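Here the structure is laid out as structure tokens; the discussion comes afterwards.
Just so it is clear, none of the values below were taken in a lab; they were calculated from the coordinates. The model shown is predicted, which means the values in this text are computed figures rather than measured ones. Please note: Cβ atoms are built from the backbone with ideal geometry, for glycine as well, and neighbour counts cover all protein chains shown.
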Amino acid sequence: MSDFEKLIKTITSIEEVIQQGAQNGLKQAGARVMGTAKEKLGTYQPSVGEYPAWQTLKPQTVKRKYTTKKGNLKKSGKEYFKKYGSFEPSGTADDSPLVNTGHLRAAITTDESQIAQGNIYIGVAKGKANKKGEKASAIATYGAAQEYGSAKRNIPPRPYLRPSVVENKEEIAEDIKNGIAENIANFGQGGF
């Protein structure tokens, strides 16, 4: 193969190399955003961009976190009551907003099924049940009610996914840029 033919082959392949690099970077960015979203759960969040700060939990919600189904105080409930003197929300991680069972945090994942089109989704999949038999669709519904709020269920918005994208905006661009650069560098070593 002549040098000219090699050059033509390289030029025609570069778009594929760039696309694959962008996909690699997008996968990295998706993992970054997913991690940030999971970290938000359990701690009151400040406002981010257009997304409001999380409202404190209602006293009955805090109390429910610290009592058994029979209404008895758990050990952690006794500690909370001793520390705060009531089940009024403390506004601290002791209230652990959006963390009762940990199912929402565990269910947040990435969906790369449309990565070839430049899309990656981060959220709760509506797939099969978790280890405790709780349907993923129920967790997804709960997650959406928290993210957007639910007037019907008297839940204020506590966005955790969308602010994670906003907070990582610069890193997402870097992940994609680095993915492309790495792929081009690797291609250049073997392609010329």
- In nanometres, the difference between 0.36 nm per residue of separation and the alpha-carbon distance of residue 100 and residue 138 is 12.2 nm
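If Rh is defined by the Kirkwood formula over all Cα pairs and Rg also comes from Cα, what ratio Rg/Rh do you get for the chain?
Result for the chain is an Rg/Rh of 1.17.
Cα-Cα pairs above 17 Å in region 1-56: how many percent? Show your work: numbers first, answer last.
Numbers: 972 of 1540 pairs.
Everything past 17 Å amounts to 63 percent.
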- Task: Output the direction-averaged projected area (hull surface divided by four) of the convex hull of the alpha-carbon atoms of region 37-114, in nm².
- Result: 6.8 nm²
- Query: Which aspartates and glutamates does residue 78 reach when only Cα atoms under 14 Å apart count, and residues fewer than 8 places away in its own chain are ignored?
  - Reply: 88, 94, 95
- Within region 31-63, what residues put their amide N at less than 18 Å from the label point 7 Å along the Cα-to-Cβ vector of residue 92? 42-46, 56-59, 62-63
- Rg to Rh ratio, region 71-160, alpha-carbon atoms and Kirkwood radius? 1.08
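Quick check on packing: order 44-51, 113-120 by the mean number of other C-beta atoms within 10 Å, highest mean leading.
Highest-to-lowest ranking by the protection proxy: 44-51, 113-120.
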- Cβ charges +1 (Lys, Arg) and -1 (Asp, Glu), total dipole of the chain, debye: 1980 debye
- Charge dipole (the chain, unit charges on Cβ, about Cα centre) - positive-most of 150, 46, 8: 150
- Item | Selection from 59, 33, 72 lying farthest towards where the dipole of the chain points positive, charges on Cβ | 72
- Note on the structure: Sorted by chain and number, the residues with a modelled amide H under 5 Å from that of residue 158, at a separation of 5 or more or across chains, are 147, 148, 149
- Message: Projecting each Cα onto the charge dipole of the chain (Lys/Arg +1, Asp/Glu -1 at the beta carbon, about the Cα centre), which of 106, 163, 116 comes out farthest on the positive side?
- Response: 106
- Proximal lysines relative to residue 135, as straight alpha-carbon distance under 20 Å, when same-chain residues fewer than 8 apart are discounted: 38, 126
